[in-house]
Amino acid sequence: MTQQQACTMVEHHPIDALLRQDRIPHIWCSGCGLGTSVTAFVNAVKDCGIPLDKISVVSGIGCTGRVAGYMNLDSFHTTHGRALPFATGLHLGNPSLKVIVFSGDGDLISIGGNHFIHTARRNMDITVICVNNFNYGMTGGQGAPTTPLGAKSTTTPYGNIEFPFSIPHLAAASGATYVARWTALDTRRLKNSMQEAIVRKGFSVVEVISPCPTLYGRLNRLGTGLDMMKFYQENTVIKHGADPASVAIGKDSKIIVGKFVDIERPTYLDMMKQGLGARFKIPIPERCVDKTEIPGDDE
């Protein structure tokens with residue numbers, strides 16, 4: 001291959017159009033799972049069948065919060081913990097948009113935890129992709145509400161003694177209609193799950209377990225990003241339909257992945273239309289719900 005052919009291939013990469021090339025290279029550490037997570041996401045967006053001008057990406061603050069800035073879509077980088085209320089306003093202001101929140105566990109489950117449970121309770125038609133690296137990666141590796149028991153962080157040097165949240169359990173208990181979890185290593189399954197969550201009506205959540213070798217991995221002697229990926233490969237178990245209450249992650253336990261929840265429930269706008277329809281005799285149009293399974297999840 002000549003240098004000119006190589007340059008042509010780079011210039012015409014299939015996902016180039018969805019990334020802001022002037023922002024590349026990204027700021028993420030070597031071995032971080034965010035790069036592969038974004039690649040899976042971009043491919044999911046490309047194949048979901050929704051016009052790109054009808055998709056908006058919202059992020060908060062943190063390592064994952066930088067995703068919005070790299071997407072060549074209508075995107076919004078909001079304040080810490082406020083991605084979901086911003087996304088809610090965007091969705092209600094223009095229901096024709098597909099609003100996707102792509103942020104981290106610290107932003108969505110800690111600082112924005114109250115917004116997370118109430119957005120799920122209302123069943124807003126919003127997709128959430130939450131990258132979980134078990135700590136506050138951008139601000140120094142402090143312990144987070146997702147840090148496993150016994151795991152070390154800069155604020156828990158002798159091991160975490162606080163019971164952590166299990167994101168799938170929290171999402172399901174709060175009312176999410178679609179809940180799945182994959183690791184950053186499961187790129188094909190992750191892409192397919194993201195695609196299914198994006199086209200699904202209601203509050204859909206995909207958790208991505210991602211290595212943070214610079215802080216969490218170093219403090220817990222888990223090695224490099226590749227070492228952590230190898231741990232995922234050897235210690236993940238696919239259990240579709242598992243009870244979300246049974247998929248908590250321990251410091252050294254197996255990581256249960258798969259699609260845990262896929263149900264139908266009226267969205268916030270459905271309920272609003274039904275309420276207004278009953279009062280003012282407004283006809284309510286039927287909607288179609290995609291019931292297809294995740295393609296290729298057994299590959």
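The values are calculated or read from the model by the stated rules, or taken from the named source; none is laboratory data. Predicted model only: the values in this text are computed from it and were never measured. Glycine also receives a Cβ, built like all others from the backbone with ideal geometry; neighbour counts cover every protein chain displayed.
Against the condition surrounded by fewer than 21 Cβ atoms within 10 Å (Cβ to Cβ) and not in a loop (DSSP other than H, G, I, E, B), how does ALA173 come out, does it pass?
yes
Checking the structure you have, find out if any residue of the range 214-232 is of a type in the set (Asp, Glu) and outside any strand (DSSP E or B).
yes
So THR139 clears everything in (1) more than 22 Å from GLY175 (Cβ to Cβ); (2) in contact with a strand residue (DSSP E or B) (Cβ under 6 Å, 6 or more places away or on another chain); (3) not hydrophobic (A, V, I, L, M, F, W, C) except one condition, right? Which one?
So THR139 meets the others, but not (2).
Is there a residue being modelled with pLDDT under 90, touching a strand residue (DSSP E or B) at 6+ places or on another chain (Cβ under 8 Å) and assigned to a loop (DSSP other than H, G, I, E, B) anywhere in the range 19-32?
Checked against the condition, which is being modelled with pLDDT under 90, touching a strand residue (DSSP E or B) at 6+ places or on another chain (Cβ under 8 Å) and assigned to a loop (DSSP other than H, G, I, E, B), the range 19-32 yields at least one hit.
Could you pull out the residue among GLY104, GLY113, GLY89 that is surrounded by fewer than 22 Cβ atoms within 10 Å (Cβ to Cβ) and in contact (Cβ under 8 Å) with a residue 24 or more places away in the chain?
Only one candidate passes the filter, namely GLY113.
Which of the residues spanning the range 206-251 are of a type in the set (D, E, K, R) and in contact with a Lys or Arg (Cβ under 6 Å, 6 or more places away or on another chain)?
GLU207
What pairs come out if I take residues in the range 42-64 that are on the phi > 0 side of the Ramachandran plot and pair them with residues that are of a type in the set (A, V, I, L, M) and not in a strand (DSSP E or B) whose C-beta lies under 8 Å away, six or more apart or interchain?
Pairs found: GLY49/VAL199; GLY62/MET138.
Listed here are the residues, each with its yes/no results for (1) of a type outside the set (Val, Ile, Thr); (2) touching a residue at least 40 places away in the same chain (Cβ under 8 Å); (3) assigned to a loop (DSSP other than H, G, I, E, B); (4) over 29 Å from THR267 (Cβ atoms).
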position: THR127; (1), (2), (3), (4): no, yes, no, no
position: TYR158; (1), (2), (3), (4): yes, no, yes, yes
position: TRP182; (1), (2), (3), (4): yes, yes, no, no
position: ASN192; (1), (2), (3), (4): yes, yes, no, no
position: GLU196; (1), (2), (3), (4): yes, yes, no, no
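So, LEU190, is that one under 23 Å from PRO148 (Cβ atoms) and either at pLDDT below 95 or among the acidic types (Asp, Glu) (or both) or not?
Against the criterion (under 23 Å from PRO148 (Cβ atoms) and either at pLDDT below 95 or among the acidic types (Asp, Glu) (or both)), LEU190 does not qualify.
So, in the range 13-34, exactly how many residues are buried (at least 18 other Cβ atoms within 10 Å of the Cβ) and either under 30 Å from LEU222 (Cα atoms) or of a type in the set (Phe, Trp, Tyr) (or both)?
Number of matching residues: 5.
Please go through the range 176-187 and pick out each residue that is modelled with pLDDT of 95 or more and either charged (D, E, K, R) or within 20 Å of ASN123 (Cβ to Cβ) (or both).
Correct list: ALA176, THR177, TYR178, VAL179, ALA180, ARG181.
Just the residues that are surrounded by fewer than 17 Cβ atoms within 10 Å (Cβ to Cβ) and over 17 Å from GLY81 (Cβ atoms), please, taken from the range 124-160.
Within the range 124-160, GLY140, LEU149, GLY150, THR154, THR155, PRO157, TYR158, GLY159 qualify.
Say we look at the range 65-86 and pick out the residues that are touching a residue at least 40 places away in the same chain (Cβ under 8 Å) and part of a helix (DSSP H, G or I); which of these is nearest to CYS130 (Cα to Cα)?
GLY65
Would it be correct to say that VAL57 is surrounded by 18 or more Cβ atoms within 10 Å (Cβ to Cβ), touching a strand residue (DSSP E or B) at 6+ places or on another chain (Cβ under 9 Å) and part of a helix (DSSP H, G or I)?
no
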